[in-house]
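Notes to accompany the following structure.
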Amino acid sequence: MLSHVNQHRNWIVPYPIDGLKALLKEGVVRGSDAYEKNWCALSLAIILGYERTDKDQINRVMANLERDKDGRILLRKGDEALLEMIEGQVQTLSQQE
């Protein structure tokens with residue numbers, strides 16, 4: 001997402017990272033549905049990964065993702081890539097420990 005912002009200079013550019021994180025945290029709480037809340041949580045986790053945040057903080061965000069009755073994370077088609085990206089970031093952070 002950050003590389004997209006750097007390349008395309010869209011609406012998100014004026015927001016400082018802390019402001020963007022606060023906006024995403026609000027989306028996790030007030031999103032219109034589970035899919036939007038999960039998208040916000042995944043986006044927040046990606047930013048935390050780019051910041052090389054403690055992986056436990058990322059895991060706490062991930063633990064709060066909404067799931068269906070079978071335990072699958074509720075994602076819209078296309079959001080699976082966000083999940084894969086985060087899993088890769090967590091793996092990289094684990095290897096650096």
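The values are calculated or read from the model by the stated rules, or taken from the named source; none is laboratory data. Only a predicted model underlies this, so the values are computations on that prediction, with no experimental measurement involved. Cβ placement follows ideal geometry from the backbone for every residue including glycine, while neighbour counts extend to all protein chains displayed.
Entry remark, region 52-89: residues being within 12 Å of the chain's Cα centre (by Cα) and either of a type in the set (V, I, T) or under 20 Å from L20 (Cβ atoms) (or both) number 14 in total.
For region 44-65, the tally of residues that are part of a helix (DSSP H, G or I) and out of contact with any Gly (no Cβ under 8 Å at 6 or more places or on another chain) stands at 15. K55 meets all of the listed conditions (1) modelled with pLDDT under 90; (2) within 14 Å of A41 (Cα to Cα) but one, namely (2). Considered as a group, the residues in region 66-97 that are charged (D, E, K, R) and in a helix (DSSP H, G or I) include one that is surrounded by the most Cβ atoms within 10 Å (Cβ to Cβ), and that residue is E87. Of all residues in region 56-85, those that are closer than 13 Å to Y35 by Cα have Cβ atoms under 6 Å from Cβ atoms of residues that are among the hydrophobic types (A, V, I, L, M, F, W, C) and part of a helix (DSSP H, G or I), 6 or more apart or on another chain, in L65/A41; E66/A34; L74/A34; D79/W39; L82/L42. Scan region 33-85 for residues that are under 19 Å from Q96 (Cβ atoms) and small (G, A, S) and jot them down. Answer for region 33-85, where residues must be under 19 Å from Q96 (Cβ atoms) and small (G, A, S): A45, G49. Within region 1-42, the residues that satisfy the criterion of being more than 21 Å from Q57 (Cβ to Cβ), assigned to a loop (DSSP other than H, G, I, E, B) and at pLDDT 90 or above are S32, D33.
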